[in-house]
Structure formats: structure tokens, C-alpha cells
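Peer 1: Have a look at the structure that comes next, please.
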Amino acid sequence: MSDITIVHSTVGGNPNGIPLGTLMITASLEENGYTVDFRDYQTYEAEKKPLPSTFLDFIRSSTDLLGIGCMCGSIPYVLGAIQKLREEKPGKTVILGGPSATDTPLEIMEHFPVDIIVVGEGEETIVDLMHALEGEKEFSDVPGIIYRDNGEIKVNPRRERIKDLDSVPFPAYHKIDFRDYGFRAGLVTTRGCPYRCTFCSAHSVWGYYVTKRSIQRVVQEIEMVKDKAKSMGFVDDTLVLSRKRLFELCDYLRNEHIDLPWECHARINHMDEEMLKRMGSSYCTELLYGIESGSNRILERVKKGFTIEEARTVVEKTLKHIPTVYTSYIWGYPFETMEDFYDTIMAVYQDFRLPHVTPNLYLLCPYPRSQLAIEYFDKLQF
């Protein structure tokens, strides 16, 4: 029997993305001598997966100590399953972590039978928490958790960000089969984003402070996965934030003939011809731009930091160096007019007319700690 079950709860797309966050938590536990039963809900063969009853089937046989990583898309069925699990197996200790748990920890603890919530980065916190669960230290001495103490909800101080990301162990790749993820590796080289887009809540986990792994450390991980994967995705919020660092990474990929096609999120107001040329020559085959509106009024209101005209220029320039471009747009802002919406539809249409550009249009999701949700809190319901 393992010491703890760690579950990645996202349903996933096709191909599914490697669950880096929970695999890093798993690696931290194993590095400290704990045995982990790792499970990824993406790989679970079942119909109607976004249902509490289906997720309950997936976690029912877990160890008595159960840790679940939650994104916003999975939190409804995760919490529903926990309610049913508590009725069936009241002796289990349930720990939640991840962005959604960090966004609304008190609301979750007040309404659902969760025992402990890990807030923010979890690699150090989960190890301290295991020591507390074993009676080796007091729960009150574990920064970064919210827990129950004789029926009372206790909130500990937030743990400081991990400044040396090289100290975080590599994801526990031995726990997964790359075939389940379309032979696509996912890598993270930085954590955090300095921008303040009003619809985003990444700052609830990271603040606005960006920490970086050394390129040498990133290279070590690429060497680990290059023979298991057929492509790579860098999942940083801001991989292109540092021009010098990006060039160092591109030079390594090109000089060492790491010919795995790769992709990343890019940012309109950071891209120039030289960056795009370097990325293209190092086997970058896809870029995703979060444009988020075709209306300059909306772009200014949500603090994107560029205009739709600048976005169009960058997208067209990108196609000279990168084979495929994805763009994303959001509609449904509470301050959006029909004229703004038509501007976005026109931007989507213009993208469709460009070869090798795929636009995506999404309905606004008001993340609880986003500035937009806070501003319109009186019009929203938990």
C-alpha cells in the first residue's frame, strides 16, 4: 500500500497534456522517501467523465490519504465526488491543491467535506504536511495550508515562493506512459507572469513574480524526454519574456539537433522578426497568441498592452517563420457591446482567411481571483 494517492483530475483533450504539476508533487514526495499511487483521470476509460459519480469510481480505491490537483474545469465534479466519498469512506483524509483550490479555499472548506487545502506551490508544502500527518510537527507550523482543527477552519500564513526552481525535482515521468499523451512532452521553464490581464487569475498562485529554471536544468529535462516524445510543448505563461534566455534555449535546440517540433504560448507585444526567426530555426512549429478581443476598447480595458492592429501585424509576420499559428479570443465581457463583439468576430474571420492560422473563440470564464470577477462580484454567484 502506498503512503498517499495523488490524482490529476482534469478530463483532458486529445491528445491529453502531461500533468506536470501533480507529477512534480509526486517527485517531491518520492525524493523524501514516500511511496505514491499516482493517477491521471485523463487516462481513465469511461463515458460521461465530467460527472461526480464517474470521478468517484476513479478515486474510490485510493489510499486513506488522498491528494487531488484541481483546475477550474474539474472542480465541480471533484467536489461532488468528495461529498459522496465522505459518505462511503469517512476515514479518508482528502487534500486539495492546484489553481482552483488556491482561488477559493475558504469557500470550498465551508461548503464541502475537504480536510486540507494546499495553497500556491505545493512541492515543499506537501512534504511538510506529510510530516504533520505523521505527528512529527504541528499543523500550525506548516505554511501554505488551510485545515480543520476540531471543526474550526484554520488558515496558516502563505508559504513564500520557491525562488530556486532548480531545486524542484524533475516530474515523476516513470509514473506515466508517453503513449497516453500522444508522445508529446510538456515542459515548464518558468513560473509566473508579470502582466495584469483583468480576466486572468494566475497571480493567485504565483503573484506577479516570475521565477526561472536555469537553461542548463531545462536542457537536462529535454535530454530525459527526447527519446520518449515526438514533440514538445513549453507550457510557461511567459516563455518569451526574456529575449536573451529564449535565444539561449533556441541555440541549444538547434546546435544539439534536438529536432523535436515544439510549441509555446507567445505574447504579441514581445515578438519581433529576430525572435521569430530564431524560434523557427530551432524547430518551433506552432505558436499560440492570446489576443482576447478584436476591439481596441476591450483590449485596453482588460490591460492586454497592445492593439488589434499590432496583433494582426505580428500574426502575419509570424507566418513567415512558424508553420502554424493559433489565436484565441474571448467574448462575453460584462462591459462588451455588440459593436465590440462584431469587432472580435471580424478579427476571427480575418484569421480564418490567413493560411495556417486557426482562431478559437471562448466564452469568458470569470476566475474567482481575477480583477474582472472582483470588480463584478455583486453580479456573480459562487
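Peer 1: Near the amide H of Leu96, under 5 Å away, which other amide H atoms are found, from residues 5 or more places off or on another chain, if H is placed in the peptide plane?
Peer 2: So Leu96 has HN proximity to Ile68, Ile116, Ile117, Val118.
Peer 1: Moving to a separate point now. Heavy-atom accessible area per residue, segment 246-289, 1.4 Å probe: how many Å²?
Peer 2: About 41 Å² of surface per residue is accessible.
Peer 1: Continuing with this model, one more query. Considering amide H positions built from the backbone, and no H for Pro or chain starts, which residues 5 or more places from Tyr329, or on another chain, come under 5 Å of its amide H?
Peer 2: Glu292, Asn360, Leu361, Tyr362
Peer 1: If you don't mind, there's one more thing I want to ask. Could you check what % of the DSSP bridge pairs in the chain are antiparallel, to the nearest 5?
Peer 2: Of the beta bridges lying entirely in the chain, close to 20 percent run antiparallel.
Peer 1: Arg86 label point, 7 Å along Cα→Cβ, cut-off 13 Å on backbone N: hits in segment 153-182?
Peer 2: Answer for this model: 153.
Peer 1: Let me have the relative contact order for the chain, percent, based on Cα pairs under 8 Å that are six or more residues apart.
Peer 2: 12 percent
Peer 1: What relative contact order, as a whole-number percentage, does segment 259-311 give when Cα pairs under 8 Å and 6 or more residues apart are counted?
Peer 2: Reported as a whole number, the value is 40 percent.
Peer 1: Set Lys and Arg Cβ to +1 and Asp and Glu Cβ to -1, take the dipole of the chain about its Cα centre, and tell me which of Cys250, Ser167, Gly207 lies farthest positive.
Peer 2: Farthest towards the positive end: Cys250.
Peer 1: Right, next: Taking θ = phi - 60°, what integer Hz values does the Karplus form 6.51 cos²θ - 1.76 cosθ + 1.60 yield along segment 346-362, in sequence order, with x for Gly and Pro?
Peer 2: 5, 5, 4, 4, 5, 5, 4, 6, 7, x, 6, 10, 10, x, 10, 10, 10
Peer 1: Modelled label-to-label distance, Glu273 and Thr285, 7 Å Cα→beta-carbon offset: nm?
Peer 2: My value for the distance between the label points is 2.7 nm.
Peer 1: Do me a favour and compute the ellipsoid semi-axes for segment 1-134 from its Cα gyration tensor, root of five times each eigenvalue, largest one first, whole Å.
Peer 2: Gyration-tensor ellipsoid for segment 1-134: 20, 17, 15 Å.
Peer 1: Give the dimensionless ratio obtained when the Cα radius of gyration of the chain is divided by 2.2 N^0.38 Å.
Peer 2: Rounded to two decimals, the normalised Rg is 1.02.
Peer 1: Compute the length gained on full extension between Arg179 and Lys320: take 0.36 nm times their separation in residues and subtract their Cα-Cα distance, giving the result in nm to one decimal.
Peer 2: Value of the extension gain: 47.5 nm.
Peer 1: Segment 152-195 to segment 238-266: how many Å between their Cα centroids?
Peer 2: Using only Cα atoms to place each centre, the spacing works out to 20 Å.
Peer 1: Here's another thing I want to ask about it. I'd like the carbon and sulfur percentage of the solvent accessible area for segment 2-52, probe radius 1.4 Å, heavy atoms only, ligands and nucleic acids excluded.
Peer 2: 48 percent
Peer 1: Report the Cα centroid-to-centroid distance between segment 306-360 and segment 42-106 in angstrom, as an integer.
Peer 2: Using only Cα atoms to place each centre, the spacing works out to 36 Å.
Peer 1: What distance in nm separates the simple spin-label points at Glu136 and Ser53, each placed 7 Å from Cα in the Cβ direction?
Peer 2: It is 4.2 nm.
Peer 1: Pop the C-beta distance of Val11 and Glu107 into the FRET formula with R0 = 22 Å and round what comes out to the nearest 0.05.
Peer 2: 0.45
Peer 1: Ok, one more. Only Lys, Arg, Asp and Glu count, each charged at its Cβ (+1, +1, -1, -1), so figure out the dipole size of segment 103-171 about its Cα centre, rounded to 20 debye.
Peer 2: 120 debye
Peer 1: Could you check the simple spin-label distance between Asp259 and Ile345, using points 7 Å along Cα→Cβ, in nm with one decimal?
Peer 2: A separation of 4.6 nm, rounded to one decimal place.
Peer 1: Given Met224, Ile145, Cys197, which one lies farthest toward the positive end of the charge dipole of segment 124-247, if we put +1 on the Cβ of every Lys and Arg and -1 on the Cβ of every Asp and Glu?
Peer 2: Cys197
Peer 1: Is there a quick way to get the dipole size of segment 168-245? I mean about its Cα centre, with the Cβ of Lys and Arg at +1 and of Asp and Glu at -1; what is the value in debye to the nearest 20?
Peer 2: 260 debye
Peer 1: Then there is this: So what is the relative contact order for segment 234-382, in percent, with contacts set as C-alpha pairs under 8 Å and at least six apart?
Peer 2: Relative contact order of segment 234-382: 20 percent.
Peer 1: At 1.4 Å probe radius, can you tell me the per residue accessible area of segment 13-89 in Å²?
Peer 2: 44 Å²
Peer 1: So, one more: Based on Cβ point charges of +1 for Lys and Arg and -1 for Asp and Glu, what charge dipole magnitude is obtained for the chain about its Cα centre, in debye rounded to the nearest 20?
Peer 2: Using only the charged Cβ atoms, the result is roughly 740 debye.
Peer 1: Only helical DSSP H runs with n ≥ 4 go in: add -39500 (n - 2.57) per run for the chain, normalise by residue count and round the 222 nm mean residue ellipticity to 500 deg cm²/dmol.
Peer 2: -10000 deg cm²/dmol
The values are calculated or read from the model by the stated rules, or taken from the named source; none is laboratory data. What you see is a predicted model; the values in this text were computed from it and never measured. Cβ sites come from the backbone with ideal geometry, for glycine too, and all protein chains shown count toward neighbours. Ligands, DNA and RNA are stripped out before the accessible areas are found, and what is left, the full protein with its side chains, is counted by its heavy atoms. Shrake-Rupley method; radii C 1.70, N 1.55, O 1.52, S 1.80 Å.
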